[in-house]
Amino acid sequence: MIIKALTCRNFRNIEELEAGSFDEMNVICGENAQGKTNMLESIWLFTGMKSFRGSRDSELVKKDREKAVNGLEFVSAGTEESARLEISERRTAFLNGKKLKAASELAEHFSAVVFSPGDLSLIKDGPAVRRRFLDTAIGQLYPAYIGILKKYTRAVIQRNSVIKNYRYDRTLEIMLDSFEDEIAAEAVKIVKFRARYISLLKEILPEIYGGISSGKESLETFYMPSAADDVKERLKAARTADMLTGSTSAGPHRDDIDFKINGMSARSYGSQGQKRSVALALKLAEAEIIKNISGEYPVFLLDDVMSELDPDRQSYILNRVKGIQTFITCCDPSNTASLEKGRIIYIENGRIR
């Protein structure tokens, strides 16, 4: 996957931007609030996923403008492609001049992996961030998974609503049965997808983490499902307890992943540097898995994380990640002092200079 050219109009603080002639390693430099992250975000949206910053589509449009229009020229599987996104209250996507039914269909044509400051907390924060990592990674590979996850989440929300009133009205049992049937059916699919992805991580992560740690440490990965084949029985048995909390206590929305460095839990006992190394390794492994399944590497996007990494990890990203077109944002050019080969792009007030 290679980006040839990017255009943005009325996107965030970018009024008009045209960039091309990208290298394999591209460092986007500039002061804060100049448009570095906006440029990366504009690329990410062509994956068909939502903004990695959690923004609504309407928030992506420059103030006092009706819509934003972004364009991407890229090469995928040896074929030159052209994509366009029109953004207002929602996104409208076009591929090679043809309008797509949904922007999410772009996922079948363009892929990227993003590593942002929030991802540095993948290990130290709670299970929700690790589930989000899993779901985003799987969703890019298998778009159908997103629909399964939506159906599951909707059924959990409906059960939560009913369970709060179940103690007062036992006629709601029929509704609970229905929602629990749907939760159980989708849960089995989700767990299978996640278990399969974890097995791929187990094959790739140790080598990547070994490279980052210079071979000094070993890394193991463990999938910890809340419930798998017995979801329906677990939910029925938990009804009384769930009435008190108004929430559903079992299912994939309670899953977690555990990482062990030299046999010790990274979350509980790892240093800050080790936790960041695991997070970085996860993102690099995600790119490797995409390559193994699709036949080519995704584009790698790193947003404002260089200053959070020590010089050895900076050098690893800049000089040892090969074959992946990479875009890195940074405020301090000294963070890329070890760059051996690549292009440095300067951005100011939303314009390339």
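If the requirement is being surrounded by fewer than 17 Cβ atoms within 10 Å (Cβ to Cβ) and over 18 Å from residue 277 (Cβ atoms), which of these qualifies: 202, 232, 236?
236
Of the numbered conditions (1) under 22 Å from residue 267 (Cα atoms); (2) out of contact with any Gly (no Cβ under 9 Å at 6 or more places or on another chain); (3) surrounded by 15 or more Cβ atoms within 10 Å (Cβ to Cβ); (4) charged (D, E, K, R), residue 189 satisfies every one except a single condition; which is it?
Evaluating residue 189 over (1) under 22 Å from residue 267 (Cα atoms); (2) out of contact with any Gly (no Cβ under 9 Å at 6 or more places or on another chain); (3) surrounded by 15 or more Cβ atoms within 10 Å (Cβ to Cβ); (4) charged (D, E, K, R) leaves (1) as the failure.
Please find, within region 147-174, the residue that is surrounded by the fewest Cβ atoms within 10 Å (Cβ to Cβ) out of those that are β-branched (Val, Ile, Thr) and either free of Cβ contacts under 8 Å to residues at least 60 places away in the same chain or not assigned by TED's automatic domain parsing to the domain that holds residue 242 (or both).
Among those that are β-branched (Val, Ile, Thr) and either free of Cβ contacts under 8 Å to residues at least 60 places away in the same chain or not assigned by TED's automatic domain parsing to the domain that holds residue 242 (or both), it is 171.
Looking at 248, 336, which one is surrounded by 18 or more Cβ atoms within 10 Å (Cβ to Cβ) and not assigned by TED's automatic domain parsing to the domain that holds residue 186?
336
Given the conditions (1) within 23 Å of residue 116 (Cα to Cα); (2) touching a Phe, Trp or Tyr at 6+ places or on another chain (Cβ under 9 Å), which single one is not true for residue 297?
Checking residue 297 against (1) within 23 Å of residue 116 (Cα to Cα); (2) touching a Phe, Trp or Tyr at 6+ places or on another chain (Cβ under 9 Å), the one that fails is (2).
Residues of region 31-52 being at negative phi, small (Gly, Ala, Ser) and surrounded by 20 or more Cβ atoms within 10 Å (Cβ to Cβ), which ones?
42, the sole residue that qualifies.
For residue 96, all conditions in the list (1) polar (S, T, N, Q); (2) surrounded by fewer than 14 Cβ atoms within 10 Å (Cβ to Cβ); (3) in the same structural domain as residue 256 (by TED's automatic domain parsing) hold save one; what is the number of the exception?
(3)
Collect the residues in region 289-320 that are free of Cβ contacts under 8 Å to residues at least 60 places away in the same chain and outside the structural domain of residue 209 (by TED's automatic domain parsing), keeping them in residue-number order.
306, 307, 309, 310, 311, 314, 315, 317, 319
Condition first: within 21 Å of the chain's Cα centre (by Cα) and in a loop (DSSP other than H, G, I, E, B). Now tell me which residues in region 209-227 satisfy that.
Selection gives 225 alone.
Restricting the search to region 140-174, which residues are outside any helix (DSSP H, G or I) and of a type in the set (Phe, Trp, Tyr)?
Result: 142, 168.
The rows are residues; the columns are (1) among the aromatic types (Phe, Trp, Tyr); (2) over 30 Å from residue 258 (Cβ atoms); (3) free of Cβ contacts under 8 Å to residues at least 12 places away in the same chain.
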| residue | (1), (2), (3) |
| --- | --- |
| 78 | no, yes, yes |
| 85 | no, yes, no |
| 104 | no, yes, no |
| 117 | no, no, no |
| 124 | no, no, no |
| 141 | no, no, no |
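If you take just the strands (runs of 3 or more DSSP E) that sit entirely in region 284-353, which of them hold at least 1 residues that are charged (D, E, K, R)?
Because the criterion is at least 1 residues that are charged (D, E, K, R), the strands (runs of 3 or more DSSP E) in region 284-353 that meet it are 299-303, 343-348.
The values are calculated or read from the model by the stated rules, or taken from the named source; none is laboratory data. All figures in this text were calculated on a predicted structure; none of them were measured in a lab. Here Cβ is always computed from backbone atoms with ideal geometry, including for glycine, and neighbour counts include all displayed protein chains.
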